[in-house]
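Structure below; questions to follow.
The values are calculated or read from the model by the stated rules, or taken from the named source; none is laboratory data. Bear in mind the structure is a predicted one, so any value in this text is a computation, not a measurement. The area values use the complete protein model at the heavy-atom level, side chains included, leaving out ligands, DNA and RNA. Shrake-Rupley method; radii C 1.70, N 1.55, O 1.52, S 1.80 Å.
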Amino acid sequence: MSDSTPLTSNQPIPPNPGQVILINKPLRWTSFDVVKKLKFAIKAKKIGHAGTLDPLATGLLILCTEKMTKQIDTYQAQEKEYTGKLVLGKTTPSIDLETEFDAEYPTDHITVEKIHEAAQKLTGEIQQIPPIFSAIRIDGKRAYHKARKGKTEADVEIKPRTVLISAFEITQIQLPEVSFRIVCSKGTYIRSMVRDFGQLLESGAYMSELCRTRIGEFRLENAQSIEDFINLHKKDV
């Protein structure tokens with residue numbers, strides 16, 4: 001006789017413990033797009049992500065299913081690392097390429113030394129005002145709803161928040177482009193850092209690229225594409 005006893009209809013089915021999924025979010029997908037795609041693909045009853053990435057950002061997105069969704073707040077609170085590029089001399093309302101350019105500024109006075117000084121001033125514990133094109137709530141509504149109705153940061157009062165920037169490293173300078181690496185606390189808006197960076201240089205700036213490379217101990221190199229994850233899941237079923 002076999003030592004194993006098959007489940008009968010009278011025996012309770014063990015609850016699904018859930019899983020933690022690491023996805024490399026593709027460009028132009030919203031974080032919710034990824035959640036929706038995976039929920040349908042793996043037939044998850046509960047699924048959520050641990051930290052939004054903007055549509056024009058790529059990189060590490062942590063998703064939790066079933067009972068593991070209880071860990072989402074824990075993962076959201078962990079330190080994050082990003083790499084990206086900003087461009088000096090122009091601005092957009094969204095501080096990235098989601099919206100059209102709205103102003104141009106001089107860049108001839110900007111030197112390598114001033115760039116590194118600006119990065120240093122934005123390192124440590126700093127006060128930061130989130131961008132109006134963000135999901136932060138103002139009077140019960142998402143800020144981006146106001147932005148898309150034509151409101152600007154001058155029209156809407158957004159309270160500053162304290163964030164910790166553990167590292168703001170300038171990795172390459174090819175003016176007007178500046179490449180960077182940032183390690184920061186929960187709640188940091190990299191687009192706000194780009195806006196403030198341009199202002200410190202008495203110019204303007206917008207973000208042209210952003211990739212999240214780490215959340216706590218979870219790293220981008222261990223993440224899968226959406227397609228690879230779904231194909232692997234199909235094989236396991």
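Name the residues whose placed amide hydrogens come within less than 5 Å of the amide hydrogen of Ile158, ignoring near sequence neighbours (fewer than 5 apart) on the same chain.
none
What are the residues whose amide H is under 5 Å from the amide H of Ser208, where those residues sit 5 or more places off or on another chain and H is modelled from the backbone?
Under 5 Å from the amide H of Ser208 lie the amide H atoms of Lys85, Leu86, Val87, each far enough along the sequence or on another chain.
Solvent-accessible area of Tyr105, probe 1.4 Å, all protein chains present, reported in Å² to the nearest ten, please.
100
Next up: So what's the Cα pair-distance distribution over region 168-210, bin width 10 Å, in %?
Over region 168-210, the share of Cα pairs per 10 Å bin runs 25, 63, 12 percent.
Can you tell me which aspartates and glutamates have their Cα less than 13 Å from the Cα of Lys186? Leave out same-chain residues fewer than eight positions away.
Counting by Cα, and skipping residues close in sequence, Lys186 has these aspartates and glutamates nearby: Asp73, Glu79, Glu81, Glu125.
Not counting ligands, DNA or RNA, and with a 1.4 Å probe, what is Arg219's accessible surface area in Å² rounded to the nearest 10?
The accessible area of Arg219 comes to roughly 90 Å².
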